[in-house]
Amino acid sequence: MRAAWYDRQGPASEVLHVGERPDPVPGAGEVRVRVTFSGVNPGDTKKREGWLGSGMPYPEVIPHSDGAGVVDQVGAGVDPALAGTRVAVHGAQSYRASGTAAEYVVVPQELVTPLPDGVPDEVAALLGIPGITAHRAVFADGPVAGTVVLVHGVRGGVSGIAAQLAVWGGATVIGTVRRSSDLGAAGLPDLEHVVALDDDPTAAIRRIAPDGVDRVVEVALDANADLDAAVIANDGVIATYFAHGERVSLPFPPLLFANVVLRFLGSDDFPASAKRAAMDDLVVAVAAGALRLQAGEVLPREEIARAHDDVDAGRSGRVLVAVTR
């Protein structure tokens, strides 16, 4: 099969190779997927770079955890009727050597989600890591119907999904953008309330939610901690998946007196049942039109190094690699 891989860490153009690799064969409880699109996430590029001193987990890595395609072989114990089914793949390269940047990927059956006709492959390949993280951020602490959810950075991949899921779940959603000039920019989800962080956001949020917000989906805990503390309701939850640096300074008294729960979200290590439930919900939401996603860039597999560089550079929109069609 044709695949992309690296056998040492470093810059994408120096360590990523594209060539032939042996066709994988599914074992018991596994399926083989002929991949059409492979989703590229910051976590994939950080693994390749050796972020925070992480080493090579395997002698050779085929990158990318997310993707979509068609099941073409099943292993022992898997219903043969699954062959021929279009699926989304998640977690392919989470604690595994071989991900979706290849013509074929073999994964445990529980890492694939069947796709209805209304969910195209190029959308399904965008779900995985960002979708599961967003779902966990919104729903890990229970239903959100009737609550107020503050979602920071709604132009981003995870936050954009989180905002749409919270609306789908029946919440009043307040999104934030960094600057007032971003309020009319492309990439904003369709929300009734969006405030800019450079224009007295505390007052703006309190006008919408005078009693405070019940949940916060946090993209930059270090930058937004004071604002979150100023607008959180009693017994509120702040769910965060990113902060700059290795330590974060928090405004302890207001968070203490509001009995706030701070939930950290490391997507590789979510419970398997939470990932499974998230993928099921994400596919339903896309099929229902409640979750709208579009790739910002689709590159051929031979340009995978450019795809990684674009992700590292923070290029707007999600990046896909077209594997086979």
Taking a label point 7 Å from the Cα of residue 72 along Cα-to-Cβ, the residues of the stretch 106-134 whose backbone nitrogen sits under 19 Å from it are 106-109, 112-115, 121-122, 125
Between the modelled labels at residue 315 and residue 274 (7 Å from Cα along Cα→Cβ) the distance in nm is 3.1
Filtering GluC sites (Glu not before Pro) in the stretch 156-251 by DSSP loop and by at most 10 other Cβ atoms within 10 Å leaves 192, 246
Here, residue 298 and residue 208, labelled 7 Å along Cα→Cβ, have an inter-label distance in nm of 3.3
The farthest towards the positive end of the charge dipole of the chain, of the residues 227, 151, 82, given +1 on Cβ of Lys and Arg and -1 on Cβ of Asp and Glu, is 82
Computed D for the stretch 218-297, Stokes-Einstein, Kirkwood radius over alpha-carbon pairs, 37 °C, 0.692 mPa s, to the nearest µm² per second, is 219
Helix-only [θ] at 222 nm, the chain, -39500 (n - 2.57) per DSSP H run of 4+, per residue, nearest 500, equals -8000 deg cm²/dmol
Net charge (Lys, Arg +1; Asp, Glu -1) of residues whose beta-carbon lies under 12 Å from that of residue 179, residue 179 excluded, is -1
In units of 2.2 N^0.38 Å, the Cα radius of gyration of the chain is 1.01
Charge dipole of the chain built from unit charges on the beta carbon (Lys, Arg +1; Asp, Glu -1), centred at mean Cα; most positive-end Cα among 33, 187, 169 is 33
Longest principal axis of the chain (C-alpha) makes with the long axis of helix 221-231 (C-alpha) an angle, in degrees to the nearest 10, of 40
If every Lys and Arg gets +1 and every Asp and Glu gets -1 at its Cβ, then about the Cα centre the stretch 130-268 yields a dipole, in debye to the nearest 20, of 140
Sparse-neighbourhood loop hits (trypsin sites (Lys or Arg not before Pro), the stretch 1-83; DSSP loop; Cβ within 10 Å at most 14 others) -> 8
To the nearest 20 debye, the chain has a Cα-centred charge dipole, built from +1 on Lys and Arg Cβ and -1 on Asp and Glu Cβ, of 160
Nearest 10, in degrees from 0 to 90: the angle of helix 128-139 to the longest Cα principal axis of the chain is 30
In terms of the charge dipole of the chain, which places +1 on Lys and Arg and -1 on Asp and Glu at the beta carbon, the residue among 4, 273, 208 farthest towards the positive end is 4
Taking the stretch 130-268, the equivalent ellipsoid from its C-alpha gyration tensor has semi-axes in Å, biggest first, of 19, 17, 16
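Coordinate-derived values only; no laboratory data. Values in this document were obtained by computation on a predicted structure and should not be read as measured data. For neighbour counting, all protein chains shown are included, and Cβ atoms are generated from backbone atoms with ideal geometry for every residue, glycine included.
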